[in-house]
Structures are given as structure tokens and as C-alpha cells.
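Undergrad: Have a look at this one before I ask anything.
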Amino acid sequence: MTSPAAITFAIPYYSNLGYLREAIDSVLAQTISNWEMIVVDDAGPEPAADLVAALNDPRINYVRNDVNLGLAGNWNECLRHVTTPYVTLLHSDDRLFPRYTEAVLAAADNHPDAAAVFTDAVIIGPDGLPARSLPDLAKRLIRRPATDHDVVGDHGLAGIAAGNYVFCPTLCYRAASLATDPFDGGWKFMLDLEHMATLLLAGSRLRAVRQPLYEYRRHGSNQTSTLTADAQRFVEEIRFARALEARALNQGWTRTARACRHRILVRAHLAVQMLSDLARGRFAASRQKGSLLLNELLNRRGSQQTV
């Protein structure tokens, strides 16, 4: 007799059937089989109905939105289809290692007070092979426990604000901990981090599993790369840091507020991208990032003088 499904892999999808098939195959390869999957197609240019139908697996369902809901809207739509105790928003261009489900469900069972469990991740490129970027290497320098641990309170949120070391699609949420429409459409890039911060500010805790069980793909057509190219990402990261600093101060969380105010990793990444654009002859993009960085440094100097 088959056990009831414990977890839903909700896949927000827009395009690239090849990557989607890899994501689905990685779920099919899990060591635990009592899962469900919902692919929510956001009215994209490459419908996935035939791909899902050809799999002929009753655990896998497909929905195509009548209109494009955008990133946050489609993530929230994914969650509306969840009936299992746990859910992972698996990005359609990423992949899971076979033990992901086994590990996150075990951690969730052992830590019933955790709103979500997350794992370490491996970066892969467009071809699916291991890849590296300077920001990812920098994140490894952030001080955090080397073994499984809880992320909670001011100390926990400060670490995330300083280093953004959580790859948000690795999060396996306890469905009961999710509010209706938890992802804010006012953010294009920071919506998952904003939701994670909201959970922690509300007193929730996250459980870290220090095993690389998720493959996070970086490629030129994903949302992160698009927003990085023309500095939209950095503008939003700075706006988010300022908003979170205010929220943290209001709650008396001084460590988080300090990390948001300094935003060292954001500024370093901005400088690297500015120089990279300059070296590649993308002068307009380099000037845009340079102007943003100069404004950041001047603002920081001004804030130090007023302290």
C-alpha cells in the first residue's frame, strides 16, 4: 500500500523544456517516492503539457495559467495547489540530488518547530556542469556553523543579511507555516529573501542541513542574470537592505540592522560587475553600476559621520 504523499515539488515554469525535464528527472530519482509534483506553466512560450503527459505518472500534474502572473504571482499560484504537509518550490532550471527529499523530511520530523528546512547547494552552469562565480565563493567566507543548525532570531537573520548564503529554492517549507500569497510581487529579485526575513522576524526558525543536495543553475536567461546585467538587481538589493534595516531596528534587532546598513557583499559584487562590464566594453552598463556604487559609498560615509 502506497504511503500518502508527504511533500509536493511545486515547479513554477515559463520556458526551456530541456531544463524542466532535467528538474523533473531529478525528482523521479529521489530515494523516497511518496511525493507529488505540480508544474505551473505561467502562460509561457513553450507549453509543457505534452512533456508531462508523456511521463504518464499520476504523481505529476500540470496547470497552465490563463494569463502570465509574473514571478511572485506564479510562485503563489504554485502554493495554492499544495495539499501535502511539506512543499519545495523547485525552480524549473535546477536539479535535486537523490537524497534531498529523504534529508529534508528527516530534518523536518526531528525539528517540528522549524518553519522550513534548507540545504547547501552546488552551482552548475547552462551545461549542467559545476560552475563558480565570485559572489558564490565570497558567500563561503561567511561565518556559520559547519554542522546542521537552526537559523533563528537577530543572529540568524544578520548572517543571512550579511551573506545571503541561503539558496532559497532549497527551502522545504512546512505548508502550515505559509501565509496566503506569501511572496510579494513588489520585488523582482528579493521576493524569496523578503519572505524568509518575514518568517524570522515573526519568530520562526529555519533548519539548515549542511549537505549539498540541490543543484542551482546559473545561465544567461534566468531572472538573476537579467537583472544583474542592467543593475536592476543591485538597485533592488539596496532598497531591500534599507527596508529590512528599518524593520530590524523597529524590532530591536541591532545585528541585522548593522548588516543591512553595511551591505558589504552587495557593494563588493557591484564593484566586481562594474569592472567586468568595463573589461568587456559594456561602457554604459559599467557607468551605471559605477554611479550606483559611488552613491552607495557616499551614503555610507554620510551615515558614519552622523553616527
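Undergrad: What residue among 164, 185, 5 has its Cα farthest toward the positive end of the dipole of the chain, where the charges are +1 on Lys, Arg and -1 on Asp, Glu, each on the Cβ?
TA: 164
Undergrad: Something else about it: Mind checking the angle between helix 70-80 and the chain's longest principal axis? C-alpha axes, 0 to 90 degrees, to the nearest 10.
TA: 40 degrees
Undergrad: If you place +1 on the Cβ of every Lys and Arg and -1 on the Cβ of every Asp and Glu, how big does the dipole about the Cα centre of the chain come out, in debye to the nearest 20?
TA: Dipole of the chain, to the nearest 20 debye: 1620 debye.
Undergrad: Evaluate Rg over Rh across region 7-219, taking Cα atoms for both radii and Kirkwood's formula for Rh.
TA: Ratio value, two decimals: 0.94.
Undergrad: Most exposed first by the Cβ proxy, i.e. fewest other Cβ within 10 Å, how do 7, 38, 264, 238 rank?
TA: Final ranking by Cβ density, sparse to dense: 264, 238, 38, 7.
Undergrad: Tell me the Kirkwood radius of region 230-306: reciprocal of the mean inverse pair distance over distinct alpha-carbon atoms, in Å.
TA: Value: 13.1 Å, from the Cα pair sum.
Undergrad: State the answer as a single residue: which of 107, 31, 53 lies farthest towards the positive end of the charge dipole of region 7-219, with beta carbon charges of +1 for Lys and Arg and -1 for Asp and Glu, about the Cα centre.
TA: It is 107.
Undergrad: In sequence order, what are the phi-derived ³J(HN,Hα) couplings for region 34-48 according to the Karplus relation 6.51 cos²θ - 1.76 cosθ + 1.60 with θ = phi - 60°, rounded to whole Hz, with x for glycine and proline?
TA: 8, 10, 10, 9, 10, 9, 10, 7, 8, 6, x, x, 10, x, 10
Undergrad: What's the angle, to the nearest 10 degrees (0 to 90), between helix 283-306's Cα axis and the longest principal axis of the chain?
TA: Roughly 70 degrees, rounded to the nearest 10.
Undergrad: Please list, by residue number, everything in region 43-79 whose backbone N is under 20 Å from a paramagnetic label point 7 Å out along Cα→Cβ of residue 243.
TA: Answer for region 43-79: 69-77.
Undergrad: Round to the nearest 10 and give me the degree value, 0 to 90, for the angle of helix 264-279's Cα axis relative to the longest principal axis of the chain.
TA: Taking Cα atoms only, the helix is inclined about 90 degrees.
Undergrad: Over all Cα pairs of region 38-155, how is the pair count split among 10 Å bins, expressed in % and running from 0 up to the last occupied bin?
TA: Spelled out bin by bin, region 38-155 gives 9, 30, 37, 20, 4 percent.
Undergrad: In addition: Grab the beta carbon distance between residue 298 and residue 250, set R0 = 22 Å, and tell me the FRET efficiency rounded to 0.05.
TA: Approximately 0.30, to the nearest 0.05.
Readers should treat all values here as calculations from the given coordinates under stated rules, not as data from a laboratory. Treat the numbers as computed from the prediction; the structure is a model and nothing was measured. Cβ coordinates were reconstructed from backbone atoms using ideal geometry, including for glycine residues, and neighbour counts include every protein chain displayed.
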